[in-house]
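Since the structure comes first, as structure tokens, the remarks are kept for the end.
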Amino acid sequence: MTIGFASRAVAAGCALCTAGLLAAGPAAATARPGVGTDPRPPDGRATAAAAPAALLYRSGTQVRPRAGAPEVPDLSARSWLVADAGTGAVLAGHDAHRKLPPASTLKALFALTLLPTLPGGLRHTVSPKELKGIGAGSSLVGVAEDRAYRVSDLWNGVFLSSGNDAVHVLSALNGGRRATVARMQAKARALGARDTRVKSPDGYDAPGQVSSAFDLAVFGRAGLRNPDFARYCARAEARFPGRDGGSYGILNTNRLLTGADGVRPYRGLVGIKNGYTTHAGHTLIAAARRNGRTLVVSVMNPRSGDRHAVYEEARSLLDWGFEAAGRVDPVGSLDAGRATASATEPAAAAGPQARPVGAAAAGRGGGTSGRPVAWTVAGAALLGAAAVALVLRLLFGPAPRD
């Protein structure tokens with residue numbers, strides 16, 4: 001009789017423990033978004049979040065056409081991507097995560113990193129030391145030592161003339177080359193650009209320096225969200241201070257924007273950045289806006305032999321993207337890497353003062369964070385402890401008093 005009663009008591013206690021653990025389950029699951037959930041909306045419409053993330057890591061061209069979708073252009077570039085800048089949905093890509101040297105398109109990451117910290121109105125007199133170490137054959141805007149420049153002048157030199165001399169001076173203002181490279185690498189990771197390895201802030205060829213069509217599109221999209229970046233990258237021409245106190249005109253080297261050298265300008269183009277080195281070949285990030293939609297494309301190292309192929313292949317991708325929008329399902333999202341970075345490295349990208357993603361929302365009563373899970377687990381533990389106490393009391397009676 002006693003054994004049977006004890007068995008029933010223990011069973012009751014176990015049931016209470018199990019109930020406590022089950023109560024913790026929903027909150028724990030809520031705190032881990034994306035685990036065991038279907039990201040698609042109830043009506044089944046395809047979204048960037050619902051696209052198979054692995055598609056963009058496959059070799060070859062990736063596209064998910066619906067009936068009536070236009071055919072993807074056949075390009076010579078080693079890697080390319082076209083995406084909706086608003087939603088981040090990748091419409092198509094070819095070897096999108098292939099790691100290749102980026103040339104001066106890396107200046108887009110440079111600008112994203114330093115623009116927020118260097119006010120355009122600041123004036124700086126260039127020292128000879130700041131112009132040392134510029135790579136042979138670099139593109140230059142004509143920065144002169146012992147000459148005072150506004151930071152905005154130097155940014156014109158970066159965006160329009162792709163001036164490595166302007167990059168060197170701005171890097172010096174940021175604490176030097178090494179500090180700038182480290183900050184650029186951290187910025188890339190914070191944006192979810194995990195293919196990028198920064199070795200030189202100006203994009204000049206360096207061993208191990210690589211990026212990808214995916215990452216370049218991430219940089220381009222982020223740049224359009226920065227008003228200063230968007231203004232500089234869309235500027236076709238500007239005046240730059242001369243050595244003698246006067247000024248001279250500089251023209252944006254992005255021929256798809258200016259129409260220089262016989263390249264027909266693209267209607268609706270909002271700029272971004274082109275690049276070239278012997279090792280990287282021609283590279284380009286371009287964005288255009290039509291009928292309320294903005295597309296961003298990246299093209300790396302066309303092999304057709306035409307010196308303007310990077311512009312013409314970007315043109316083909318933009319034309320295809322505007323025609324295909326709404327007729328293809330996404331093959332990925334430009335936010336994919338960023339979501340991973342936020343989930344796995346919440347503090348590393350933002351520094352020691354960073355708060356976990358969702359913490360602020362949870363404090364206002366929305367979203368999820370570690371706090372709801374902690375309280376639920378604590379409640380489950382108390383419920384389990386109460387169950388154990390009940391079992392002991394039923395088995396051995398009231399505890400003796402002193």
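Let me know the shape class of the stretch 124-190, please: from the alpha-carbon gyration tensor, a ≥ b ≥ c as square roots of the eigenvalues, rounded when a/c is under 1.5, otherwise prolate if a/b is greater than b/c, or oblate. The shape class here is prolate.
With a threshold of 20 Å on the Cα-Cα distance, the over-threshold entries among Lys132/Lys199; Lys107/Lys187; Lys107/Lys199; Lys132/Lys187; Lys129/Lys187 are Lys132/Lys187; Lys129/Lys187. Within the accessible area of the stretch 176-287, the carbon and sulfur atoms contribute 52%, probe 1.4 Å, all protein chains present.
The distance linking the stretch 243-286 with the stretch 98-177 is 16 Å (Cα centroid to Cα centroid, whole angstrom). FRET efficiency for the pair Arg289 and Arg243, taken as 1/(1 + (r/R0)^6) with r the Cβ-Cβ distance and R0 = 51 Å, rounds to 0.85. Computing FRET efficiency as 1/(1 + (r/R0)^6) for Arg78 and Asp319, where r is the C-beta to C-beta distance and R0 is 30 Å, gives about 0.90. Full extension of the chain between Tyr57 and Thr117 yields a length gain of 18.2 nm, computed as 0.36 nm times the residue separation minus the alpha carbon distance. Taking 18 Å as the cut-off, the amide N atoms of the stretch 96-114 that come nearer than this to a point 7 Å along the Cα-to-beta-carbon line of Ala186 belong to 109-114. Protection proxy ranking of 167-176, 124-133, by the mean of other Cβ atoms within 10 Å over each peptide's residues and highest first, is 167-176, 124-133. For the stretch 135-176, averaging the sequence separation of C-alpha pairs within contact (under 8 Å, six or more residues apart) and dividing by the residue count gives a relative contact order of 46 percent.
Amide H contacts for Leu269 (H built 1.01 Å from N in the peptide plane; partners 5 or more residues away or on another chain; cut-off under 5 Å): Arg289. With a 1.4 Å probe and every protein chain kept in, tell me what percent of the accessible surface of the stretch 97-172 is carbon plus sulfur. Of all accessible area on the stretch 97-172, carbon and sulfur atoms account for 52 percent. Ordered from longest to shortest, the equivalent ellipsoid semi-axes for the stretch 149-188 are 19, 11, 8 Å, each the square root of 5 times a Cα gyration tensor eigenvalue.
Placing +1 on the Cβ of every Lys and Arg and -1 on the Cβ of every Asp and Glu, with nothing else charged, gives the stretch 157-250 a dipole about its Cα centre of roughly 380 debye. Calculated accessible area for the stretch 135-284 comes out at 38 Å² per residue, all protein chains present (probe 1.4 Å; ligands, DNA, RNA ignored). Rounded to whole numbers, the Karplus 3J(HN,Hα) couplings from phi for the stretch 323-338 are 6, 8, 4, x, 10, 10, 8, x, 9, x, 9, 5, 8, 4, x, 5 Hz, using 6.51 cos²θ - 1.76 cosθ + 1.60 with θ = phi - 60°, and x at Gly and Pro.
The values are calculated or read from the model by the stated rules, or taken from the named source; none is laboratory data. Model, not experiment: these values are computed from the prediction. Positions of Cβ are backbone-derived with ideal geometry, glycine not excepted, and every protein chain shown enters the neighbour counts. Protein only, heavy atoms only, side chains kept; ligands, DNA and RNA dropped before computing areas. Shrake-Rupley method; radii C 1.70, N 1.55, O 1.52, S 1.80 Å.
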